[in-house]
Amino acid sequence: RDARSKKVGPSSVLRELSLLASVFEAARLEWEWVDLNPCRGIRKPLKGKHRERTIHIWEIRKMLRAMGYDRRARVASMGEAIAHCFLLALRTGMRAGELCGLTCEHVYDQHVHLPKTKSDRPRDVPLSTRAVAILKRMKGWDDKLVFGVKSASLDALFRKYRGRAEVEGFTFHDSRH
């Protein structure tokens, strides 16, 4: 616990300890490999503070400028696709993985259907008129995926454009707030 705390935050240590405790508990109860769960005697770190960063409108505008966003033009570059993805995240609260995995076949007039989510439950996300307009501008950008980008690329490109925009202190995930 102490050695790991020097490398990662308290939430990560807590998550890893919980995983280890579950493994030892299964080994103890189901397989009878151990007599006791060594994780029971470990004092757990306090939960880390929940991140609640709101992105300000002036930061959004700087980001969109850095990405080459033009709301009247069709998407012509990856930067513009990332800008549209960011705007849809702001409008819907969808996660980066949900946006990156969104296929054209799951986009409907008033909602998008997410067959696979973090909670393993499918859900429908309602769309405002502006969210619908964002998705219409993405039509034809990629054959299968709406934004044509993987989660890892989205994160890296978002950080690149955030640096160009000379703003800091927020991540793509903060667009959910």
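The values are calculated or read from the model by the stated rules, or taken from the named source; none is laboratory data. Here the structure is a predicted model, which means the values were calculated and not measured. Glycine gets a Cβ as well: all are built from the backbone with ideal geometry, and neighbour counts include every protein chain shown. Heads up: the accessible areas ignore ligands, DNA and RNA and are worked out on the full protein's heavy atoms, side chains in. Shrake-Rupley method; radii C 1.70, N 1.55, O 1.52, S 1.80 Å.
Just a few scattered comments:
- Set of aspartates and glutamates near Lys6 by C-alpha distance (under 19 Å), chain-local residues within fewer than 8 positions excluded: Glu16
- Relative to the longest principal axis of the Cα atoms of the chain, helix 10-29 runs at roughly 50 degrees.
- For Glu30, solvent-accessible area (1.4 Å; no DNA, RNA or ligand), Å²: 140 Å²
- When each of Lys44/Lys116; Lys139/Lys160; Lys7/Lys49; Lys7/Lys62; Lys62/Lys136; Lys44/Lys150 is checked by Cα-Cα distance, pairs over 27 Å: Lys44/Lys116; Lys7/Lys62; Lys44/Lys150
- Length added when fully stretched, Ser151-Arg43, from 0.36 nm per residue minus Cα-Cα: 35.4 nm
- For the pair Ala27 and Lys136 in one chain, pulling the backbone fully straight at 0.36 nm per residue adds 34.0 nm over the alpha carbon distance.
- For Cys104, solvent-accessible area (1.4 Å; no DNA, RNA or ligand), Å²: 60 Å²
- Cβ-Cβ distance of Thr129 and His56, R₀ of 22 Å, FRET efficiency by 1/(1 + (r/R0)^6): the value works out to about 0.40.
- Shown for the chain: the carbon plus sulfur share of the solvent-accessible area, taken with all protein chains present and a 1.4 angstrom probe, equals 51%.
- At a probe radius of 1.4 angstrom, the accessible area of the chain per residue rounds to 67 square angstrom.
- Using a Förster distance of 45 Å, the FRET efficiency for Val34-Asp174 (Cβ separation, nearest 0.05): 0.60
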